[in-house]
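Reading through the structure tokens given below for one structure.
The values are calculated or read from the model by the stated rules, or taken from the named source; none is laboratory data. Bear in mind that the values here come from a model prediction, so they are computed numbers and not experimental data. Cβ: placed from backbone, ideal geometry, glycine included. Neighbour counts: every protein chain shown.
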Amino acid sequence: MAGFRSRADELKALGVGLYFVGNGTPAMASEFRDYMQMGALPVWTDPKRQTYAHLGFKRGWMTALSPAVWKYGARAAAAGFKQGKQAGDPIQQGGVLVVKRGGELVYGYASATAGDHPPIDEVMAKARLAAQA
Amino acid sequence: MTPNLPALAPLTVLDEQGRAVPIGTAWRDAPAVLVWLRHFG
């Protein structure tokens, strides 16, 4: 998911904000920014996972240990991404929202398992739609 | 997924300084892509 940072300039040019939300401490968010070279991108954290729960993002050991996870891990490694020190809840899954200014939903994606991410190009297409409104 | 954004908007997250920020701040003034991570790392 951190791979979205590679499209940050494109989103900025569209006038679309890019926000990362994790679930550790604020200090972990800060370390993550440095480690992932996030620059000025906002990195927020939701230690109580209220937003995760509200959005219905999955949580459970089966989501972290399914066979698909190994495949996704190999794909990420082949693309040059490696997982650093894990900081947060290991069995919590994430997701992506694209929202128009003012709060109209354009796109939502909830990861089924670790490593299950929406195609970045699909998200970018939705971001362009959101920017037109 | 069919999130209820008006209900989501006031829920607060923390910035790196530990200040509470309503998540809806992200889309208040501009469109936004929000990426919820499994964990930092």
Point to revise | Qualifying positions in region A:8-25 - surrounded by fewer than 18 Cβ atoms within 10 Å (Cβ to Cβ), at negative phi and either of a type outside the set (A, V, I, L, M) or at the interface with chain B (Cβ under 7 Å from one of its Cβ atoms) (or both) | key: A:ASP9, A:GLU10, A:LYS12, A:THR25
Study note, to complete from the structure: The correct count of residues that are within 12 Å of the chain's Cα centre (by Cα) and in a loop (DSSP other than H, G, I, E, B) in region B:25-36 is 1
Check your understanding: Within region B:15-41, can you find the residues that are among the aliphatic types (A, V, I, L, M) and buried (at least 19 other Cβ atoms within 10 Å of the Cβ)?
Key -> B:ILE23, B:ALA26, B:ALA32, B:VAL33, B:LEU34, B:VAL35, B:LEU37
Exercise for review: Quick one: count up the residues across region A:13-51 that are modelled with pLDDT under 95, in a helix (DSSP H, G or I) and within 24 Å of A:GLU122 (Cβ to Cβ).
Suggested key: 1
Practice item. Tally the residues that are surrounded by fewer than 16 Cβ atoms within 10 Å (Cβ to Cβ) and modelled with pLDDT under 75, restricting the search to region A:52-68. Key: 6
Exercise for review: Among what's in region B:4-24 and is at the interface with another protein chain (Cβ under 7 Å from one of its Cβ atoms) and part of a strand (DSSP E or B), pick the residue that is nearest to A:LEU97 (Cα to Cα).
Suggested key: B:VAL13
Check your understanding: Which condition number does A:PRO118 fail, the rest of (1) modelled with pLDDT of 70 or more; (2) away from chain B (no Cβ under 11 Å); (3) in a loop (DSSP other than H, G, I, E, B) being met?
Key -> (2)
Exercise for review: Filter region A:80-115 down to residues that are part of a loop (DSSP other than H, G, I, E, B), on the phi < 0 side of the Ramachandran plot and at pLDDT 95 or above, then give me how many there are.
Suggested key: 3
Practice item. Kindly list, by first and then second residue, each pair from a residue in region A:1-15 that is touching a residue at least 12 places away in the same chain (Cβ under 8 Å) to a residue that is in a helix (DSSP H, G or I) and of a type in the set (Phe, Trp, Tyr), limited to pairs with Cβ atoms under 9 Å and residues at least 6 apart or on different chains. Key: A:ALA2/A:PHE32; A:LEU11/A:PHE4
